[in-house]
Amino acid sequence: MKKITIIDYGLGNLRSIRKALEMVGAKPVISSNPEEILDADGVILPGVGAFIDAMNNLQPLTDVIYEYVDTGKPLLGICLGQQILMSKSDEGGLTDGINLVPGRVRRFPSSELKVPHMGWNSITINKSHSILEGISDGDYVYFVHSYYVDTDEYHTLSSCDYGLSFAAVVVNEKGNVVGTQFHPEKSGKKGLKIVENFVNMC
């Protein structure tokens, strides 16, 4: 049974992620203990809230996250957790992310569309990756966000349109760090498939 550590840094819906992991046969642990992060087969970085708060709360663990990622083991960022993976964010003034994936977090521009982008939307598969095994163009997943990730094609596994095209799933150079802007733990069978795919990566 794969041991997955969900990083607890004070921002994130930890219970629903734990439940989703249990449903696909993993052994999840919610922890901010560096040893439990480094010893895990896989790590999930959740997140709900403001970017600057997340970075402040996460600061004591950033070196641990870098050390973990350097081992080549997989890490999954979810929603704000994906945005934290990026280089910078415009939210709350220009703020540095942990820079595991190059790119910038930007606010949706003013338009007739409501912000936050909330609810079900379809995604497009841009590149193949094990995290998206069994996921197809047009599949629907659940989003809740006011800011989106702007990165290049190389680091975009999947995209979504909401007034503009943004990265719905991102990946680092090595392929072991992935992020989803949507919530797989709230996205029904397709979301559970992504959670299962992550566990299989571990």
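The values are calculated or read from the model by the stated rules, or taken from the named source; none is laboratory data. Computed from a predicted model, the values in this text were never measured in an experiment. Note: ideal-geometry Cβ built from the backbone for every residue, glycine included; neighbour counts use all protein chains shown. Accessible surface is based on the protein model in full, side chains and every heavy atom, while ligands, DNA and RNA are left aside. Shrake-Rupley method; radii C 1.70, N 1.55, O 1.52, S 1.80 Å.
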Square roots of 5 times each gyration tensor eigenvalue, C-alpha, the stretch 12-51, largest first, Å = 17, 16, 7
Compactness of the chain, expressed as Rg and Dmax over alpha-carbon positions, Å = 15.3, 47
With the other protein chains left in place, how much accessible area per residue, in square angstrom, belongs to the stretch 1-140 at a 1.4 angstrom probe?
-> 48
Relative contact order (percent, whole number), the chain, Cα cutoff 8 Å, 6+ residue spacing = 21
Square roots of five times the C-alpha gyration tensor eigenvalues of the stretch 81-122, ordered largest first and given in whole Å, equal 22, 13, 8
May I ask for the equivalent-ellipsoid semi-axes of the stretch 72-141, computed as the square root of five times each C-alpha gyration tensor eigenvalue and listed largest first in whole Å?
-> 23, 21, 9
Determine the distance separating the Cα centre of the stretch 157-202 from the Cα centre of the stretch 57-114; give it in Å without decimals.
-> 14
Honestly the stretch 42-109 on the Cα gyration tensor test (a ≥ b ≥ c root eigenvalues; a/c under 1.5 rounded, otherwise a/b vs b/c for prolate or oblate) is just prolate
Normalised convex hull volume, the stretch 1-73, alpha-carbon set, Å³ per residue | 79
What accessible area, in Å² to the nearest ten, does a 1.4 Å probe give for MET201?
-> 50
Cut-off of 10 Å, at most 16 other beta carbons, DSSP loop: longest stretch of the chain lacking such GluC sites (Glu not before Pro) | 1-111
Roughly speaking, to the nearest percent, how much of the stretch 3-201's 1.4 Å accessible area is carbon and sulfur?
-> 46
